[in-house]
Amino acid sequence: MASDNRNFPRVIAVTSGKGGVGKTNLVGNLAVALSGKGQRVVIIDADVGLANIDIIFNLRPEYNIRDVVSARKSLSQVMVTTRHGIKIIPGGSGFAELTQMNEGEKLSLLSEFESLADMADIILVDTGAGISSNILYFNAAADECLVIATREPTSITDAYALMKVMSQNHGTRHFKLVVNMVESEKDAKTVYASLSGALDKFLKNVVLEYTGYIPFDRSLQKAVQKKALVMDVAPGSHAASSISEISDRLLRSRGPNSDGNLTFFMNKVLNTGT
Ligand SMILES: Nc1ncnc2c1ncn2[C@@H]1O[C@H](COP(=O)(O)OP(=O)(O)O)[C@@H](O)[C@H]1O
Ligand SMILES: [Mg+2]
């Protein structure tokens with residue numbers, strides 16, 4: 001219940017303007033890093049186009065959120081648990097239909113999601129890429145919005161476009177940035193400088209916080225080939241240590257969008273769609 005003063009899970013949306021920039025790998029590896037640091041982590045796979053969190057954990061979930069919406073299953077029946085103890089809520093195309101749900105379905109989904117408050121410290125949402133309304137709702141409802149970009153001009157332009165729409169249409173004023181697939185931190189800082197420079201110039205009052213980088217690392221690609229996570233199969237790799245640093249940074253900070261209330265999060269997700 002929202003009346004006690006226990007800590008509510010922190011909801012972090014991981015998103016990008018352009019696809020294929022490393023969201024799913026960041027979510028999966030970050031979950032492993034955070035759970036290794038004692039956090040109870042739940043992943044919501046809300047990428048309706050390319051839901052593949054289950055693949056990198058080498059899991060084959062039988063059900064997804066759609067079974068919860070239709071009241072065939074409870075959230076705990078749909079949830080799968082990894083060997084790290086991370087809980088995954090498979091989305092598939094189920095989340096695409098959020099906006100078409102009737103009031104009864106919304107209420108039942110909402111009450112199911114309330115149960116998450118007791119089992120998670122951090123909820124990571126893989127929201128997918130782009131500016132479709134579904135993605136924007138999830139990003140806007142989360143406590144924190146973590147944008148991932150690479151140094152490709154298209155990725156930078158699309159990240160800017162995403163933050164522009166989020167700030168103009170949803171009032172989001174604070175974003176976190178992770179730069180992926182770079183040679184060095186210097187390159188990551190260049191990407192950060194160009195994005196935050198553009199925000200300063202064209203969108204007043206929007207803050208972009210540098211949250212770290214992940215180097216281009218073959219170990220990560222090899223892990224993906226094996227349907228595994230670099231954090232598990234190559235913990236000493238450069239990619240794994242960078243992701244561990246990102247998890248430390250996240251644990252040290254808390255987003256200013258935070259209202260610390262999971263029910264509030266789901267309410268926002270479900271209501272803005274109508
Ligand atoms: N740091 C990295 N180093 C090397 N390759 C990477 C890195 N991050 C991602 N990739 C490659 O990019 C592909 C897409 O990553 P993924 O996490 O699925 O992106 P998204 O979820 O944004 O579509 C991965 O399968 C991998 O081959
Ligand atoms: Mg993905």
(message) Among the residues that make up region 43-52, is at least one of them within 27 Å of residue 175 (Cβ to Cβ), in contact with a helix residue (DSSP H, G or I) (Cβ under 8 Å, 6 or more places away or on another chain) and modelled with pLDDT of 95 or more?
(response) yes
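Could you please give the count of residues in region 145-175 that are among the charged types (D, E, K, R) and either on the phi > 0 side of the Ramachandran plot or surrounded by 23 or more Cβ atoms within 10 Å (Cβ to Cβ) (or both)?
0
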(message) With the structure loaded, tell me whether residue 73 is surrounded by 18 or more Cβ atoms within 10 Å (Cβ to Cβ), over 30 Å from residue 150 (Cβ atoms) and without any contact (Cβ under 8 Å) to a residue 12 or more places away in the chain or whether it fails that test.
(response) yes
(request) Considering each residue of region 132-147, count those that are within 15 Å of ligand 1 (Cβ to nearest atom) and at pLDDT below 85, and give that number. (result) 4
(message) Can you tell me which of (1) under 21 Å from residue 269 (Cα atoms); (2) part of a helix (DSSP H, G or I); (3) touching a helix residue (DSSP H, G or I) at 6+ places or on another chain (Cβ under 6 Å) is the one residue 76 doesn't meet?
(response) (3)
(request) Scan region 37-73 residue by residue and report those that are in a helix (DSSP H, G or I) and over 19 Å from residue 230 (Cβ atoms). (result) 65, 66, 67, 68, 69
(request) Identify all residues within region 186-216 that are within 13 Å of ligand 1 (Cβ to nearest atom) and surrounded by fewer than 18 Cβ atoms within 10 Å (Cβ to Cβ); write none if there are none. (result) 187, 216
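The values are calculated or read from the model by the stated rules, or taken from the named source; none is laboratory data. These numbers were taken from a predicted model, which means no experiment stands behind them. Cβ atoms come from the backbone with ideal geometry, glycine included; neighbour counts cover every protein chain shown.
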